[in-house]
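Read the structure below first, then the notes.
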Amino acid sequence: MPRGSAPRAPQGPAASESERALLAQAVALHLPDIAAEVPGGSASALLPILHHIQDALGFVPPALVPEVAVALSLSRAEVHGVVTYYHHFRSTPAGRHVLQICQAEACRANGAEALMAHAGARLACAPGATRADGGVTLEPVYCLGLCATGPAALIDGQLRARVSTAAVDALAARIEGEAP
């Protein structure tokens, strides 16, 4: 190795053909309009492209991060930083059901911490994790915009106010009644 050269990090698994096709579709859909309207438009297309991928797959596969970086002339670190900074993006698939409980101040004042603890115990899933059987993902989120009616939650994409332990119990019963 030449003096002063840093070793290259391992590449990891390669993106699948279907993932590459999805990225090509996202780039074709989002990059031309943004690049034409915004200086440095390729970087401005990053969020719409990541949303496109997440909406289609339910997560942003780590194998696509370098591919997105190349497509937008960004570094892998820049793309990875965005994926890991925003709580909306996932690097692994979510469970069949997703329970997101607001942990912002207004909801915490109305019992969100106790609700999260109850949800973790009742669903047998740690906050920020997906249960081993893939039945549920439990996530803390920060501000769902229902501050006056907390605690707030998103249950399978449905925004709910004044969420009670009974609502969590109903979700758990529904999950228990499903075949994995």
With 114, 106, 126 as the choices, which residue is assigned to a loop (DSSP other than H, G, I, E, B), outside the structural domain of residue 63 (by TED's automatic domain parsing) and modelled with pLDDT of 95 or more? 126
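Looking at region 111-122, can you tell me whether even one residue there is surrounded by fewer than 20 Cβ atoms within 10 Å (Cβ to Cβ), acidic (Asp, Glu) and more than 24 Å from residue 175 (Cβ to Cβ)?
No: zero hits.
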Filter region 122-149 down to residues that are of a type in the set (Ser, Thr, Tyr) and touching a helix residue (DSSP H, G or I) at 6+ places or on another chain (Cβ under 6 Å), then give me how many there are. 0
Of the numbered conditions (1) part of a helix (DSSP H, G or I); (2) modelled with pLDDT of 90 or more; (3) more than 30 Å from residue 95 (Cα to Cα), residue 53 fails exactly one; give the number of that condition. (3)
Which residue, of 68, 82, is in contact (Cβ under 8 Å) with a residue 40 or more places away in the chain, in a helix (DSSP H, G or I) and either basic (Lys, Arg) or at negative phi (or both)? 68
Residue 60 within 16 Å of residue 28 (Cβ to Cβ), β-branched (Val, Ile, Thr) and assigned by TED's automatic domain parsing to the domain that holds residue 27: no
Being touching an Asp or Glu at 6+ places or on another chain (Cβ under 8 Å), modelled with pLDDT of 90 or more and not aliphatic (A, V, I, L, M): is that true of residue 25 here? no
For region 105-116, indicate whether the set of residues that are of a type in the set (D, E, K, R) and under 14 Å from the mean Cα position of the chain (by Cα) is non-empty. no
Go through region 146-172 and give me each residue that's loosely packed, with under 11 Cβ neighbours inside 10 Å and not in a strand (DSSP E or B). 148, 157, 166
Residue count, region 83-93, condition buried (at least 18 other Cβ atoms within 10 Å of the Cβ) and not basic (Lys, Arg), comes to 1
Mind checking whether some residue in region 30-44 is in a helix (DSSP H, G or I) and at pLDDT 85 or above? no
Mind checking which residues of region 123-145 are surrounded by fewer than 19 Cβ atoms within 10 Å (Cβ to Cβ) and either in contact with a Phe, Trp or Tyr (Cβ under 6 Å, 6 or more places away or on another chain) or not small (Gly, Ala, Ser) (or both)? 127, 131, 133, 140, 141, 142, 143
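The values are calculated or read from the model by the stated rules, or taken from the named source; none is laboratory data. What you are looking at is a predicted structure, and each value in this text was computed from that prediction instead of being measured. Reconstructed Cβ throughout: ideal geometry from the backbone, glycine too, with neighbour counts over all protein chains shown.
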